[in-house]
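Participant: Have a look at this one.
Only the coordinates and a few stated rules stand behind these numbers; no lab work does. Everything numeric in this text was worked out from a predicted model, so none of it was measured. Glycine gets a Cβ as well: all are built from the backbone with ideal geometry, and neighbour counts include every protein chain shown.
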Amino acid sequence: MTQSETRSLSRELIEIEDRWGTHNYRPLDVVVERASGVWVYDVDGKRYMDCLSSYSALNQGHCHPRILQALREQAERVTLTSRAFRNDQLPHFVEELARMCGMEMVLPMNTGAEAVESAIKAVRRWGYVKKQIPRDEAEIIVCENNFHGRTTTITGFATEPLYRDGFGPFTPGFVTVPFGDAEAFEAAITPRTCAFLVEPIQCEAGILIPREGYLRDVAEICARERVLLVADEIQTGLGRTGALLACEHEGVHPDVYVLGKALSGGVYPVSAVVSSREILGVYRPGSHGSTYGGNPLACAVARAALKVIEDEHLSERSAELGSWLLYELRKLRHPHIKEVRGKGLLIGIELTVPARTYCERLKDLGVLCKETHEYVIRLAPPLIVSQEDLEWAMAQIRTAFAG
């Protein structure tokens, strides 16, 4: 196939998608056909370094051979039983994940939004059964600029107008406070407050990192006021920030973890709520469910994905390489760069101009990343990235900001 024919194929595929697909995304015009490790290849044959990792779902890199092997082996045995029956992978998965998180129970789901919804239901019921909050009056405190998913309930307590416009009416029972302000959080607590749902770092909002000690402070307030601390670690968890779980940076052990994305290494949708027996024990047969949640294929894939994080020391790699990358990025001098912030291999470059132009420029240089909240470039390469590849990417970033 000639180069012109390949280019026309790329354009043809983009036109088909734009015609038949719903326009709820604005992707960069790269049509990926295969990937391996930190590299992806488009239908034109061009190679790009993935510096987004599918919003941190690919911490283990694209198509990790150990995860694929687990997928293939399990797919040849049994893929789905529903929870009407038991399967031989679920017991191992829930035990291994609970132990890894220092918890007692795991509720397996599929997507991150499903896991957040499941956590909301659990803490509300806990509030009624354990805290004796009057029925249907439980409140959950959330933060401004939050991102926890796209369901109508979650969208209802988002503060980004774009997420909410035209989707109401919304579910009541949520109180919003500024992110990073422990005093405002404490002031918002009432006898009806059952939980505080928070991201340790706000990723979609532009890699917003709270002051040091914020999580410790809110954890102490939660313990004192008998409010459950729910940490949404769907994007920050499983090695991304240089620790297995971002809460560990401040020695905080929340009441509930919500996990997803890298829980399967980007191979299959797997999410989970991980907590104590007191909290997840409020669920009884019939009170919650998921046809695909906890299916044997998902469990086998997730077990392999977790083992890769552990065996390949991905948390430690993220801490070391992220420190280097952050240092190098902060040396950049350009009038459009307002601030560079990050933790581990989760880094945001905030600009004074829209970031889309720079993301497109980096794409042309072979580096794939994406703007978030218009003015921030998010950099989050797979945690398996080599020092050499990271140095190459940094060179392209310097070129993009040259002049």
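Participant: Report the calculated FRET efficiency for Arg226 and Ala184 (r = Cβ-Cβ distance, R0 = 30 Å), to the nearest 0.05.
Facilitator: Values: r = 19 Å, r/R0 = 0.64.
The value I calculate is 0.95.
Participant: In nm, to one decimal, how far is the modelled label at Leu162 from the one at Gln132, with both set 7 Å along Cα→Cβ?
Facilitator: Here the answer is 4.7 nm between the modelled labels.
Participant: Right, here's the next one. Plugging the Kirkwood radius over Cα pairs into Stokes-Einstein for segment 123-171, at a temperature of 10 °C and a viscosity of 1.306 mPa s, what D comes out in µm²/s?
Facilitator: Values: Rh = 12.1 Å.
The estimated diffusion coefficient comes to 131 µm²/s.
Participant: Here's another thing I want to ask about it. Please sort 289-302, 171-184 by packing, taking for each peptide the average over its residues of neighbouring beta carbons within 10 angstrom, highest first. Please list the in-between numbers first.
Facilitator: On the way: 289-302: 23.0, 171-184: 16.4.
Final packing ranking: 289-302, 171-184.
Participant: So, one more: What are the DSSP H helices in the chain that stretch 18 Å or more along their long axis, judged by alpha-carbon atoms, and whose average Kyte-Doolittle hydropathy comes to at least 0.0? Could you put the intermediate results ahead of the total?
Facilitator: Numbers: long enough: 3-20 (26 Å, -1.22); 112-129 (25 Å, 0.03); 296-311 (22 Å, 0.94); 314-330 (23 Å, -0.22); 387-400 (20 Å, -0.57).
Passing helices, by number: 112-129, 296-311.
Participant: Counting DSSP beta bridges in the chain, what percent are antiparallel, to the nearest 5? Numbers along the way, then the final one.
Facilitator: Values: 31 of 47 bridges.
The answer is about 65 percent antiparallel.
Participant: Cross-link candidates for Lys343: which lysines have Cα within less than 29 Å, leaving aside residues fewer than 8 places away along the same chain?
Facilitator: The qualifying lysines are Lys261, Lys307, Lys331, Lys363, Lys370.
Participant: Taking the Cβ of each residue in Lys343, Lys307 as the centre, tally the other Cβ atoms inside 10 Å and list the residues starting with the fewest. Mind dumping the intermediate values first?
Facilitator: On the way: Lys343 22, Lys307 15.
Exposure proxy ranking, most exposed first: Lys307, Lys343.
Participant: While we're here: Which value in Å does the Kirkwood hydrodynamic radius of segment 246-403 take, with 1/r averaged over all unlike C-alpha pairs and then inverted?
Facilitator: This gives a value of 18.2 Å.
Participant: Among the aspartates and glutamates, select those whose C-alpha is under 13 Å from the C-alpha of Lys131, and discard any that sit fewer than 8 residues away in the same chain.
Facilitator: Straight-line reach from Lys131, under 13 Å: Glu139, Glu225, Glu278.
Participant: Right, next: Over the Cα atoms, compute the radius of gyration (one decimal) and Dmax (the largest Cα-Cα distance, rounded to a whole number) for segment 238-303, in Å.
Facilitator: Considering segment 238-303 through its Cα atoms, Rg and Dmax are 13.7, 39 Å.
Participant: Per DSSP helix of 4 or more residues, -39500 (n - 2.57); summed, then divided by the residues of the chain. What does that give at 222 nm, rounded to the nearest 500? All intermediate terms of the calculation are to be shown ahead of the outcome.
Facilitator: Values: 14 runs with 151 residues, N = 403.
It lands at -11500 deg cm²/dmol.
Participant: Arrange Leu245, Leu321, Leu162 by Cβ neighbour counts within 10 Å, fewest through most, would you? Provide the component values of the computation, followed by the final result.
Facilitator: On the way: Leu245 25, Leu321 21, Leu162 7.
Ranking Leu245, Leu321, Leu162 by Cβ neighbours within 10 Å, fewest first, gives Leu162, Leu321, Leu245.
Participant: Also: Could you list Thr357, Thr236 so that the one with the fewest beta carbons within 10 Å of its beta carbon is first and the one with the most is last? Numbers along the way, then the final one.
Facilitator: Working: Thr357 13, Thr236 26.
So the residues, fewest neighbours to most, are Thr357, Thr236.
Participant: R0 = 35 Å: FRET efficiency of Arg330 with Glu33, Cβ-based, nearest 0.05? It would help to have the intermediate numbers written out before the result.
Facilitator: Working: r = 36 Å, r/R0 = 1.02.
Calculated transfer efficiency: 0.45.
Participant: Could you work out how far apart the two model spin labels at Arg277 and Leu68 are, taking each label as a point 7 Å from the Cα in the direction of the beta carbon, and quote it in nm?
Facilitator: For Arg277 paired with Leu68, the spin-label model returns 4.2 nm.
Participant: For segment 1-120, treating each Cα as an identical point scatterer without solvent, what Debye log10 I(q)/I(0) comes out at q = 0.13, 0.22, 0.23 1/Å?
Facilitator: For segment 1-120, the Cα-only Debye profile gives -0.83, -1.32, -1.35.
Participant: Where does segment 173-229 land on Rg(C-alpha)/(2.2 N^0.38 Å)?
Facilitator: Details: Rg = 11.2 Å, N = 57, 2.2 N^0.38 = 10.2 Å.
That ratio works out to 1.09.
Participant: Using a Gaussian network model of the chain whose springs link C-alpha atoms within less than 10 Å, name the residue from Phe147, Phe157, Phe85 with the highest mean-square fluctuation.
Facilitator: In this elastic network of the chain, the residue with the biggest mean-square fluctuation among Phe147, Phe157, Phe85 is Phe85.
Participant: Would you mind getting me the FRET efficiency between Asp88 and Glu15? Use the beta-carbon distance for r and R0 = 56 Å, nearest 0.05.
Facilitator: Numbers: r = 46 Å, r/R0 = 0.82.
With R0 = 56 Å, the Cβ-Cβ based efficiency is 0.75.
Participant: Averaging the inverse of every distinct alpha carbon separation and then flipping it gives the Kirkwood radius. What is it for segment 65-311, in angstrom units? Walk me through the numbers on the way to the answer.
Facilitator: On the way: mean 1/r = 0.0544 Å⁻¹.
Evaluated on segment 65-311, it is 18.4 Å.
Participant: Springs between alpha-carbon atoms under 10 Å, Gaussian network over the chain: tell me which of Ile347, Ile209, Ile234 tops the mean-square fluctuations.
Facilitator: Judging by the Gaussian network model, the answer is Ile209.
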